[in-house]
Structure formats: structure tokens, C-alpha cells
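Okay, so here's the structure we're looking at.
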Amino acid sequence: MGPVTRPYVLLSVAVSVDGYIDDRSAHRFPLSNAEDFDHVDQVRAESGAILVGAATIRRDNPRLLVNGAHRRAARVAEGRPEYPVKVTVTGSGDLDPTLKFWHHGGDKIVYTAEAGRGRAVEAVGDLAEVVSLGPEVDFGALLDDLGARGVDRLMVEGGGTIHTAFLAAGLADEIRMAVAPMLIGQAAAPRFLNPAEFPGGPARRFYLEDVSKLGDVAVLRYFPKL
């Protein structure tokens, strides 16, 4: 058996002009627009798996689905599952089995550390496969496991801790950034990334492949590895 091919990793994020991904209210602040949401749905449909962190599931209670019936039908016609695999990551295993993530779509995988495995199995073991990545959550090992399962493309939808981990480890192949024409202006509101030591630091420039206009949103495609 040859080496496992890791999936292509695309980070997807929507930010305000001043760099925030949300405001401080209790409910998710809609940064994007209908055209961009539809394009995100297409990117989801092209993916073998979609990943969000456990904190994002707790905060936003997302279903994380391919919403377009025609896109789901096209996946089935290509011999793929109707929905991409849904993936989450938790170090603690603190998961709420009542949230929508667990009750919609197809297969689900929880990646955790050994310390969180028992708690995760107790919470969602009948709803998802729980995989321990060892003493700590190792994102390279996560990609190896997904690759061994045949996942060719992984779409990562946040939150900031997860996006930061992929970029700090040099594991992101592409960033899809939708820039919304608004200002949030709240110092404690969440940003796309947390402070970290990124490969190459500020001297390393990404390759900008494309800029497209979707209504009043600009979508930028950056390639960090080139």
C-alpha cells in the first residue's frame, strides 16, 4: 500500500472590511449575502468533507449541509454520497448531542485527543465515529486519517482557532475569503485568525489567484503554499 494522500484543504471565511468574522451578539451576524451563500454551497458540494470546530457548533448550531437539491443529485450521479462527511474537532470531548449538526446530513466524524475520547463517545458515540488523534489534537494526523478514508477535498469553515491551527501548521492549500462591505468595530469581536507563529511570518506573501464580485461581496482566493 502506498503513502496516504492527504486531502486538499480549503479554508472558507467571511470577514468585514475591518477584519472581523462576527459581532459580539448572541446570534450569528450575517456578513455574507445570498450570492455568496450560494457559492459556498457549491464549494461544499465539491468537497469530500466539511470541518468546523466544536466551539462553532456550540455557538452557531449549524446543520452544515449542501442545501441545493440539484447539487446533491449531481453528487449522487457521480457516485458520491449525497452529503459530504461532516467533521468536528474537540480536545475536551464536550459535545451537545441535541444540536442540529448531529441530526442532518450523512456520516459524521469527531476528532479528539485521548483525554476527550471517553466524553465524546458518551455524548455522541451513537451519532458519529469518534477518533482519538493521540495525546493532543494533531491536524496532520487528522488529514492522514481523512485521506485514508478517501476524502480528496476538505472544506474548513472555522472557527478562528481551527483556521489558525491549519495555517500555523502549514496545512492549508487555499483560503477563500469573502469580504463584506461593513464595519463591526468591536475590539472583543472574533477575528479570522488568532495570534500565532505562521510559516515565513509577515515576509511571506500568498499567491492571489482570483478576485470575484458576488453582489456587494468581494471573494478572494489565496494560495498560501505557492
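Looking only at segment 71-130, filter to residues that are of a type in the set (S, T, N, Q) and open to solvent by less than 50 Å² (accessible area, probe 1.4 Å); which one of those is nearest to residue 153 (Cα to Cα)?
Top of the filtered list is 88.
So that you can scan it fast, the table gives a plain yes or no per residue for (1) more than 12 Å from the chain's Cα centre (by Cα); (2) modelled with pLDDT of 95 or more:
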| residue | (1), (2) |
| --- | --- |
| 52 | no, yes |
| 59 | yes, no |
| 70 | yes, yes |
| 76 | yes, yes |
| 81 | yes, yes |
| 90 | yes, yes |
| 97 | yes, yes |
| 103 | yes, yes |
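Looking only at segment 59-70, count every residue that is under 30 Å from residue 138 (Cβ atoms), open to solvent by 80 Å² or more (accessible area, probe 1.4 Å) and part of a helix (DSSP H, G or I) and tell me the total.
Result for segment 59-70: 1.
Output the qualifying pairs, or none if there are none: Cβ atoms under 7 angstrom, residues six or more apart or on different chains, first residue in segment 200-223 and without any contact (Cβ under 8 Å) to a residue 40 or more places away in the chain, second residue basic (Lys, Arg) and open to solvent by 40 Å² or more (accessible area, probe 1.4 Å).
Final answer for the pair search is 209/221; 210/221.
What is the one condition in (1) small (Gly, Ala, Ser); (2) over 22 Å from residue 13 (Cα atoms); (3) under 18 Å from the mean Cα position of the chain (by Cα) that residue 159 does not satisfy?
Condition not satisfied by residue 159: (2).
Does residue 15 fit the bill of being modelled with pLDDT of 95 or more, assigned to a loop (DSSP other than H, G, I, E, B) and open to solvent by less than 20 Å² (accessible area, probe 1.4 Å)?
In short, no.
Could you please let me know if residue 210 is open to solvent by 40 Å² or more (accessible area, probe 1.4 Å) and acidic (Asp, Glu)?
Spelling it out, residue 210 is indeed open to solvent by 40 Å² or more (accessible area, probe 1.4 Å) and acidic (Asp, Glu).
Could you check segment 195-226 and list, in sequence order, the residues that are outside any strand (DSSP E or B) and under 18 Å from residue 9 (Cβ atoms)?
196, 198, 199, 200, 204, 206, 224, 225, 226 - these are the residues of segment 195-226 that are outside any strand (DSSP E or B) and under 18 Å from residue 9 (Cβ atoms).
What are the pairs, 6+ residues apart or on separate chains, where a residue within segment 12-28 that is at negative phi has its Cβ under 6 Å from a residue that is among the polar types (S, T, N, Q)?
14/32; 23/186; 24/186
The values are calculated or read from the model by the stated rules, or taken from the named source; none is laboratory data. Every value quoted in this text rests on a predicted model; they were computed, and no experiment measured them. Don't worry about glycine lacking a Cβ; one is built from the backbone with ideal geometry, like all the others, and counts go over all protein chains shown. Surface accessibility is based on the protein's heavy atoms, side chains included, excluding ligands, DNA and RNA. Shrake-Rupley method; radii C 1.70, N 1.55, O 1.52, S 1.80 Å.
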